[in-house]
Structures are given as C-alpha cells and as structure tokens.
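Accompanying notes for the structure given below.
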Amino acid sequence: QVQLVESGGGLVQPGGSLRLSCVASGRARDTYVMGWFRQTPEKEREFVARITWNSGASTYADAVKGRSTVSRDNAKNTVYLQLNSLKPEDTAVYFCGSGRYDVSVAGAYSYWGQGTQVTVSS
C-alpha cells in the first residue's frame, strides 16, 4: 500500500537548480522519516538528505550541505529536495525512501520510489 513517486529531475547546467518532489501515498505517513538518496552505476546508493514527518528535523550529507534544502508538506504528503549550485558529480538517479529510523543508511529504509534522473552537464 505504500507508494512513493519522485519527479522533478532533468538536465541542468552546472550551477543550476532543480527541485525534486516525492509524493507519498498509502501508509507512507506511518513512517517516521523520508530520505533522499542517489545512485549511479559506479556507486552504492548514497545518502543525500532526510526529514522527519513530525518535527521536520532535517539532515544533510556533507556533499550537499549548504546548497540543498529538504522540506515537507504534510497536507500534501509530499517531500521536496531543492538542489542548488549543482555540480556534475551530482548526476545520479535520485530516490525517495521512507523508514522508521532517522538514519542515513539506505538499508534502514523500508520503501522506495522509482527514482528520477538528475543530469548536470554542459
């Protein structure tokens, strides 16, 4: 019953911005935290940012801290990831996950969306 759907990815030039969205349906709101992760063929799924449903407490990976903002709209069951000052190394498939634990490891998350591609290139 839990479904997560990401959107908002695309092709952007270095220094540009994107806002990713993740709409949670079913019983996803029963979870405690929503996380953003990214993955490339060369890398494991890595943590980007997370936010709790109840308090909105947010945490960021060092790679994006200072140029990213994670937020949520509880009424819309939606979380967002604003990515600014994008770099080529930000290129990846970005996934939204939900879980019960406010942690940064992908294995702790129970549900995942299909991902949305972010490509940063000239």
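Observations
- Just one of the listed residues (Tyr80, Tyr60, Tyr101) is within 13 Å of Tyr32 (Cα to Cα) and hydroxyl-bearing (Ser, Thr, Tyr), and it is Tyr101.
- The range 100-122 - residue that is part of a loop (DSSP other than H, G, I, E, B) and more than 19 Å from Tyr60 (Cβ to Cβ) and, of those, most open to solvent (accessible area, probe 1.4 Å): Arg100
- Inter-residue pairs, beta-carbon under 6 Å, first within 13 Å of Gly16 (Cα to Cα) and in the range 86-99, second assigned to a strand (DSSP E or B) and open to solvent by 10 Å² or more (accessible area, probe 1.4 Å), 6+ apart: Leu86/Val12; Thr91/Thr119
- Of all the numbered requirements in (1) assigned to a strand (DSSP E or B); (2) touching a helix residue (DSSP H, G or I) at 6+ places or on another chain (Cβ under 8 Å), Ser71 misses one, and that requirement is (2).
- Contacts under 6 angstrom Cβ, first residue in the range 32-44 being free of Cβ contacts under 8 Å to residues at least 40 places away in the same chain and open to solvent by 10 Å² or more (accessible area, probe 1.4 Å), partner among the small types (Gly, Ala, Ser) and part of a loop (DSSP other than H, G, I, E, B), 6 or more apart: none
- Within the range 67-77, being at negative phi, surrounded by fewer than 18 Cβ atoms within 10 Å (Cβ to Cβ) and not charged (D, E, K, R) holds for Thr69, Ser71, Asn74, Ala75.
- With respect to (1) open to solvent by 70 Å² or more (accessible area, probe 1.4 Å); (2) at pLDDT 95 or above, the lone exception for Tyr94 is condition (1).
- In the range 45-66, the residues that are among the charged types (D, E, K, R) and either buried (at least 21 other Cβ atoms within 10 Å of the Cβ) or touching a strand residue (DSSP E or B) at 6+ places or on another chain (Cβ under 8 Å) (or both): Arg45, Glu46, Arg50
The values are calculated or read from the model by the stated rules, or taken from the named source; none is laboratory data. Values in this document were obtained by computation on a predicted structure and should not be read as measured data. Heads up, the Cβs are rebuilt from the backbone with ideal geometry, glycines too, and the neighbour counts pull from every protein chain shown. Heavy atoms of the whole protein, side chains included, go into the accessibility calculation; ligands, DNA and RNA do not. Shrake-Rupley method; radii C 1.70, N 1.55, O 1.52, S 1.80 Å.
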